[in-house]
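Quick notes on the structure that follows.
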Amino acid sequence: MKFHFKDKAITGMMVVVPEQERLFADDMRLFNAPENRSRKLALVMGYRAHRVVEAGVCASDLAEHGLRKLFDEGKLKSDEIDALVYVTLSPDHFMPPTSCILHGKLGLRKDCFCIDVTQGCCGFVVGLLQAFQLLDQEGVEKVAVVNADVISRKVSPKDRNSYPLIGDAATIAIVENREGAGKVFADVRFDGTRSMALKIPAGGFRQPCSPDTAVMSADAEGNERAPDNLVMDGTAVFNFAMADVPPMLADLAHDAGTDFAGIDKFYFHQPNKFMLQKLAEKLDVPYEKMPNNVVENYGNSSGATIPSAMALNDADVLCRETKRVCFSGFGVGLTYGGIVMNCGNFDFCETINYPNKGE
Amino acid sequence: MDKTQFLDELANILDEASVEDGANLRDYPSWDSLAVLSIVALADSKFGFTLTFPDVKGLTTVADLWAFFEKNRTK
């Protein structure tokens with residue numbers, strides 16, 4: 001579905017990552033794979049370090065930490081949030097919505113609209129579009145888009161295909177109407193026929209968790225995981241990203257009256273360095289215009305990767321000037337989307353740690 | 001990309017000095033998911049077609065792989 005908006009702006013951004021860092025060099029010891037191949041994998045995919053939560057920490061804990069910091073520093077007031085869009089694949093509970101839990105903990109206004117959005121890799125794009133739609137309602141001035149996930153809790157440490165790339169994070173984007181910000185062009189597409197390419201098989205109503213779903217077994221390559229763990233068909237996801245994302249983005253750029261050369265920066269979801277380099281090559285975009293270093297520094301935190309890429313690479317620039325940017329997310333769903341808009345002159349753009357609590 | 005270049009690229013992916021037409025792909029010690037993904041990416045970028053995991057599963061030797069690339073290439 002195509003979306004058009006006018007005069008919408010991101011005015012501030014905060015990234016919260018767990019203090020706890022895991023190194024690929026340590027992860028490697030758990031894999032049933034030759035060390036030289038693991039080293040090559042790390043080189044190609046960009047695995048080095050990733051941030052993961054301590055046991056028991058929920059995605060909303062990271063989000064709450066970030067929002068309280070913004071309140072404490074006077075960058076945001078709890079009573080000026082007109083809507084909270086909470087995008088996650090790792091809710092605290094099935095019931096109630098996690099946005100309602102945060103609403104209570106943070107003391108938000110009773111007329112602050114709360115909604116949970118179940119989206120992963122494309123979650124920043126979908127969350128922003130949700131916020132833009134809310135901002136078209138009279139009286140809505142400020143929307144907080146929170147992307148938060150702790151997928152590390154669902155990945156087997158013995159799964160070389162997924163564990164080294166996974167990271168946890170929460171990001172907060174403040175979205176407002178701003179006169180003169182210009183037009184926003186967006187497109188989001190879905191292919192539900194391939195919805196099972198990225199999944200956590202057990203834990204929902206279709207296959208509830210049980211002692212059986214916690215039993216690990218090894219795949220052909222020696223990766224051990226259980227039905228409780230995340231599993232992805234890496235090759236299928238790669239083919240999807242290469243085949244479906246570039247034409248969608250070419251349409252979007254055309255719609256926006258530009259081409260890829262007319263865009264200053266491409267903030268894309270960060271599955272791994274390899275896939276981003278291949279996408280940049282396919283779009284004929286120089287690597288410098290499409291950051292790919294979130295996985296090597298923090299890990300892939302699903303919907304939180306796009307704000308992470310912005311804060312990690314361009315925090316200063318984004319507070320100083322406005323750029324023509326293209327966002328794109330692709331993955332879980334399968335969902336793929338993009339936004340072309342002006343972005344910058346943020347009031348703040350920072351990254352903070354969620355401190356370790358354990359001994 | 002011609003056959004010689006393809007074989008060089010494949011050898012590089014498999015961490016070998018060279019690869020032989022008749023060799024079974026799965027006999028190379030470096031044949032793993034990274035190798036498969038690298039071959040899939042090669043098909044996409046240099047040969048212009050989508051190679052799937054099931055496609056790869058159906059191929060046994062280096063010669064089979066090259067024949068599949070030749071048959072499906074669009075560039």
Worksheet entry | Residues located in segment B:26-38, provided they are surrounded by 15 or more Cβ atoms within 10 Å (Cβ to Cβ) and more than 9 Å from chain A (Cβ to nearest Cβ) | B:28, B:31
Item to complete: Name, by its number, the condition in (1) assigned to a helix (DSSP H, G or I); (2) in contact with a Leu (Cβ under 9 Å, 6 or more places away or on another chain); (3) not small (Gly, Ala, Ser) that does not hold for residue A:327.
Response: (1)
Response to the item:
A careful count of residues in segment A:214-246 that are within 9 Å of chain B (Cβ to nearest Cβ) and in contact (Cβ under 8 Å) with a residue 24 or more places away in the chain gives 7
Practice prompt. Could you tell me whether segment A:77-93 includes any residue that is closer than 21 Å to residue A:308 by Cβ and over 21 Å from the mean Cα position of the chain (by Cα)?
Written response: no
Discussion item. Going residue by residue through segment A:289-298, is there one that turns out to be outside any loop (DSSP other than H, G, I, E, B) and either more than 16 Å from the chain's Cα centre (by Cα) or among the aromatic types (Phe, Trp, Tyr) (or both)?
Written reply: yes
Worksheet, complete the sentence: Those residues of segment A:277-287 that are more than 12 Å from chain B (Cβ to nearest Cβ) and either closer than 25 Å to residue A:164 by Cβ or in contact (Cβ under 8 Å) with a residue 40 or more places away in the chain (or both) come to a total of 1
Fill in: Condition check for residue A:270: in a loop (DSSP other than H, G, I, E, B) and within 22 Å of the chain's Cα centre (by Cα)
yes
Practice prompt. Within segment A:159-187, track down each residue that is closer than 16 Å to residue A:269 by Cβ and surrounded by fewer than 21 Cβ atoms within 10 Å (Cβ to Cβ).
Written response: none
Discussion item. Can you find, within segment A:299-319, the residue that is surrounded by the most Cβ atoms within 10 Å (Cβ to Cβ) among those that are in contact with a Leu (Cβ under 9 Å, 6 or more places away or on another chain) and outside any helix (DSSP H, G or I)?
Written reply: A:299
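Let me confirm something: among B:67, B:41, B:63, B:23, which residue is away from every other protein chain (no Cβ under 14 Å), free of Cβ contacts under 8 Å to residues at least 12 places away in the same chain and not hydroxyl-bearing (Ser, Thr, Tyr)?
On the way: B:41 fails: away from every other protein chain (no Cβ under 14 Å); B:63 fails: free of Cβ contacts under 8 Å to residues at least 12 places away in the same chain; B:23 fails: free of Cβ contacts under 8 Å to residues at least 12 places away in the same chain.
Being away from every other protein chain (no Cβ under 14 Å), free of Cβ contacts under 8 Å to residues at least 12 places away in the same chain and not hydroxyl-bearing (Ser, Thr, Tyr) holds for just one of B:67, B:41, B:63, B:23, which is B:67.
Every number here is computed from the coordinates shown, using simple stated rules; none is lab data. It should be emphasised that the depicted structure is a prediction, and the values quoted were computed from it without experimental measurement. With ideal geometry, Cβ positions are generated from the backbone for all residues, glycine too; neighbour counts draw on all protein chains shown.
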